[in-house]
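Below: one structure, written as structure tokens.
The values are calculated or read from the model by the stated rules, or taken from the named source; none is laboratory data. Keep in mind it's a predicted model, so treat the numbers as computed, not measured. Virtual Cβ from ideal backbone geometry, glycine too; neighbours counted across all protein chains shown. Keep in mind that these areas ignore ligands, DNA and RNA; they rest on the heavy atoms of the full protein, side chains included. Shrake-Rupley method; radii C 1.70, N 1.55, O 1.52, S 1.80 Å.
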Amino acid sequence: MALLSVLDILMYIIGIVGIVYQAICVVVSLVAKPIAFPDAPMDKRYAVLISARNEESVIGNLIDDIQSQTYPSRLVDIWLVADNCDDHTADLARSKGCHVIERFNKELIGKGYALTYLLDQMNESGASDDYDAFFVFDADNRLDKHYFEEMNKAFQAGFKILTSYRNSVNLSDNWVSSGSALWFIRESRFLSASRMRLGTSCHVGGTGFMFSREVMKRNNGWKFHLLTEDLEFTMDSVLHGDRIGYCGTAILYDEQPVTFQQSWRQRLRWSKGFLQVFRYYGPALIKRAVRERDFSAVDFTLLLCPFTVLTITRILLGWLFAACGFVTWQSQVQSLLGWSNGIVMAVLTMMALAALTIIVERDHIGATNKELFAYVLSFPIYMLSYVPISFQAIFAKAQWKPIAHKGA
């Protein structure tokens, strides 16, 4: 049937383009010299925005890291929104000299709403006018002592929005944390670095990014409330013509989930968020890609493409047409076998990608060689679990839920 052929061709093209683009990014990141920003005067004033919910066990570490930077501490203020806290997060932050705003709202739940509340308070009081740009961190983060100095260089080089190198404090805990950590390290090393070299836009992660006062004023604070508010912010910025930069010398350490249940729940929210962002921003990105010939729009259209939805649609239509006698069951079984071969190749490719990430970034990865070998073998399991997660995301009503952090 023509419809099945069209779907097969569409999925094939999307898959090949995605693989080729990823391969190009890997090659570029390996052969091209990383972008180095020139030294810049340390005279800009920055506000750090932190949304924290019952994070008294970890927030002190982040505050200490921020206050002990090589960048002048008098030019960096910390603003923390204690979001629905029932512990001592707010008191601890105040004792360390932070500006603390408490928020209690059990209906509008999530980091996006907390950041909106925080920036609304800052805008209404006029406090936001004191800052040139705003950083966003999660409460469990740790920072290299040169983080602000390096990001300041990139900011003064002309970027209005920046993301940074995302490492992990607990990669070596187990195969679950290593899966997440290797994914983010791979993204920083192979995707963000390559996008910078190719002159296209990067995308911000959920933490470790900054935006200028100009961007904040344009958005009237923070207006992004989908399940993946960081991705929503990225797409909105690209549609406004912004090029998001990447500073690979500014290193952040994030804490990853250590249980498969936590990881599943987190990635279910991300997968649902991807579908939401594609629904609201996909058509506009495609339009911009065609009209403006904007490669960033093409890049992020591929990133958001709901491949799982297309695959399920293709399988169900194949079964329906076979049941109606329009096509043979044998042809549909052969299609499934072909996809199975693709899965095997995907497993081998993911193992190779994990190994390459470890080899290239060995100095940034805190684990023994024996542990890393085991994590190369387990990485495909972590990644393939995205298949049922993505399937569940189509039907599930995913919600933001806090993940307990132990600190490092």
Report summary line: Residue pairs qualifying under the 7 Å Cβ cut-off, at least six apart or on distinct chains, with the first in region 99-114 being among the aliphatic types (A, V, I, L, M) and the second being assigned to a helix (DSSP H, G or I) and open to solvent by less than 70 Å² (accessible area, probe 1.4 Å), are Val100/Ala90; Val100/Ala93; Ile101/Leu118; Ile101/Gln121
Report task. Scan region 316-333 residue by residue and report those that are part of a loop (DSSP other than H, G, I, E, B) and modelled with pLDDT of 75 or more. Result -> Cys324, Gly325, Val327, Thr328
Query raised in the report: Can we say Arg288 is of a type in the set (Lys, Arg) and either within 15 Å of the chain's Cα centre (by Cα) or surrounded by 14 or more Cβ atoms within 10 Å (Cβ to Cβ) (or both)?
Result: yes
Report summary line: Residues in region 128-150 that are assigned to a helix (DSSP H, G or I), among the charged types (D, E, K, R) and in contact with a Phe, Trp or Tyr (Cβ under 8 Å, 6 or more places away or on another chain) total 2
Query raised in the report: Is it the case that some residue within region 145-159 is out of contact with any Cys (no Cβ under 7 Å at 6 or more places or on another chain), more than 20 Å from Ile59 (Cβ to Cβ), surrounded by fewer than 21 Cβ atoms within 10 Å (Cβ to Cβ) and without any contact (Cβ under 8 Å) to a residue 12 or more places away in the chain?
Result: yes
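Answer yes or no as to whether Gly366 is part of a helix (DSSP H, G or I) and not hydrophobic (A, V, I, L, M, F, W, C).
Numbers: part of a helix (DSSP H, G or I): no; not hydrophobic (A, V, I, L, M, F, W, C): yes.
The answer is no for Gly366.
Results for (1) within 20 Å of Phe184 (Cβ to Cβ); (2) open to solvent by 40 Å² or more (accessible area, probe 1.4 Å), shown as yes or no for each residue.
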| position | (1), (2) |
| --- | --- |
| Phe274 | yes, yes |
| Phe307 | no, yes |
| Leu310 | no, no |
| Phe326 | no, yes |
| Val347 | no, no |
| Arg362 | yes, yes |
| Ile365 | yes, no |
**Report entry** Output for region 205-244, where each listed residue is assigned to a loop (DSSP other than H, G, I, E, B) and over 18 Å from Ala114 (Cα atoms)
**Finding:** His240, Gly241, Asp242, Arg243, Ile244
